[in-house]
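Input: a single structure, listed below in structure tokens.
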Amino acid sequence: SKNNEGLGRSEETLKPKLKPLHWDKVRATSDRAMVWDQIKASSFQLNEEMIETLFMVNNSNLATKDNARKPILAAVNQENCVLDPKKSQNIAILLRALNVTIDEVCEALMEGNSDTLGIELLESLLKMAPTKEEEHKLKEFNDESPFKLGPAEKFLKAVLDIPFAFERVDALLYIANFDSEIEYLKGSFETLQAACGELRNSRMFLKLLEAVLKTGNRMNVGTNRGDAHAFKLDTLLKLVDVKGTDGKTTLLHFVVQEIIRVEGSHLSGANQIPKAEKIQQSDFQDDVELRKLGLLVVSGLSGELTNVKKAAAMDSDVLSIDVAKLATGISKIREVVKLNEGIALKDNSCKFSESMNEFLKKAEEEIVRIQAQDRVALSMVKEITGYFHGNSAQEEAHPFRIFMVVRDFLSILDQVCKEVAKVNERTIYSSARPLQNPPPPSIFPGLNVRRHYSSSDDETPS
């Protein structure tokens, strides 16, 4: 008995040291039955090689104590771990998550069926692609070897048995993404065309430009900036930088107040108020109602130019690259078909070629259409930029800059409309109270008095 115990201890000291598992031990007792009593010594054989490979402590002293075992361990690691351990583990986790069998993947790759695999699985397969060295090791591995492959290595070896497997994966991923890419590009080009139409046809945007031009010319009288016939849309962003003597009212506030008065009068004329009712209204109430109506029209401009705001978020270079990728992707499909035709004819390889050729016919037509849409949309963008900026449109570094400027202006305009609405409400409230004390000066003094100044007059409102 003592000899056996001594032998057991000597074997334990020869074993490599592993990382500790911290737990609280339970003492065995003779007065009660326990679950541990049912455990048989031979019921579970621990895989010593595997546990040592995974959990061995990296100890420099180990080399001197275990010279006999080291060469064997090195050989095991070299033979068994074809893939990098981390890569092998990641692939194994992916396979469990995707819940797919080796046979299903191989059959879909042989027949060229992207629907069976789906985008997520195809993307995962591309990430699993082995290096040339790993591929060589996996192909050289034979079933007679005393070492067994792990789940990741076993899966990749089966996939690599398929001719040009990862070229097939790349082609099928292109096919799986094709329809969504086409829809995205179509939608983008339609948005650009719609944005150009919105800018060209917006009556309110034109009114704003007219008001800014006349106001700007009035302010620039007597300078070399006066008598302008047009301005770059970037000017719209500078209107809030020009402030009045009160330090609050900006040039854009002024322009909006002028426009809402004109627009309100226009709407009032279209919806004629009965004379009897109109007589009962004071001039002030009439003016307030007109401005309310006009403000609704001006503040609605942002809603009119929704596609302009969408177009502002696009990047012309990204769109061009996406169109080019679609065109070059087709060449990959043709290469795979050519490779497939070079191998011995089998039922599966015939199905693959049929599937690829059927897709090619449809895809080539779609790409021609999307390239034409690309040209039309970009041509319209250049045209609308020139429509506002004339020859200076050629100086634009960013083709979609016009949309970005208008989007930023609309954001400022929305804020100014809210501020104008509050100012007008305060004016109504102060006018409705009994005048015990003189009212505080309004941000817009002309609102209370029916004095209308043309923005092209020689005199500025006092």
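Among (1) assigned to a helix (DSSP H, G or I); (2) free of Cβ contacts under 8 Å to residues at least 24 places away in the same chain; (3) open to solvent by less than 60 Å² (accessible area, probe 1.4 Å); (4) over 23 Å from A311 (Cβ atoms), there is one condition T235 misses while meeting the rest; what is its number? The one condition T235 does not meet is (4). Where helices (runs of 4 or more DSSP H) fall entirely within segment 126-216, those with at least 3 residues that are over 30 Å from Q89 (Cα atoms) are at 165-201. Restricted to segment 103-113, and to residues that are within 13 Å of E167 (Cα to Cα) and in a helix (DSSP H, G or I), which residue is most open to solvent (accessible area, probe 1.4 Å)? Per the stated criteria, the residue is M110. Could you tell me whether A397 is modelled with pLDDT of 65 or more, exposed (fewer than 12 other Cβ atoms within 10 Å of the Cβ) and out of contact with any Ser or Thr (no Cβ under 7 Å at 6 or more places or on another chain)? Spelling it out, A397 is indeed modelled with pLDDT of 65 or more, exposed (fewer than 12 other Cβ atoms within 10 Å of the Cβ) and out of contact with any Ser or Thr (no Cβ under 7 Å at 6 or more places or on another chain). A count restricted to segment 155-210 and to residues that are polar (S, T, N, Q) and in contact with a Leu (Cβ under 7 Å, 6 or more places away or on another chain) stands at 2. As for segment 158-177, it holds no residue that is open to solvent by 30 Å² or more (accessible area, probe 1.4 Å) and without any contact (Cβ under 8 Å) to a residue 24 or more places away in the chain.
Here is a yes/no grid of residues against (1) at pLDDT 95 or above; (2) over 22 Å from I162 (Cβ atoms); (3) open to solvent by 70 Å² or more (accessible area, probe 1.4 Å); (4) within 25 Å of the chain's Cα centre (by Cα):
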{"residue": "L290", "(1), (2), (3), (4)": "no, yes, no, no"}
{"residue": "G294", "(1), (2), (3), (4)": "no, yes, no, no"}
{"residue": "V297", "(1), (2), (3), (4)": "no, yes, no, no"}
{"residue": "K310", "(1), (2), (3), (4)": "yes, yes, yes, yes"}
{"residue": "N340", "(1), (2), (3), (4)": "no, no, no, no"}
{"residue": "L345", "(1), (2), (3), (4)": "no, no, yes, no"}
{"residue": "C350", "(1), (2), (3), (4)": "no, no, no, no"}
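Check segment 126-148 and report whether any residue there is in contact with a Leu (Cβ under 9 Å, 6 or more places away or on another chain), within 30 Å of Q371 (Cα to Cα), at pLDDT 85 or above and not assigned by the TED database to the domain that holds F359. Yes.
The values are calculated or read from the model by the stated rules, or taken from the named source; none is laboratory data. Since this is a predicted model, take the numbers as computed values, not measurements. Methodologically, a virtual Cβ is constructed for each residue, glycine included, from the backbone with ideal geometry; neighbour enumeration extends over all protein chains shown. Calculation scope for accessible area: heavy atoms of the full protein, side chains included, ligands and nucleic acids excluded. Shrake-Rupley method; radii C 1.70, N 1.55, O 1.52, S 1.80 Å.
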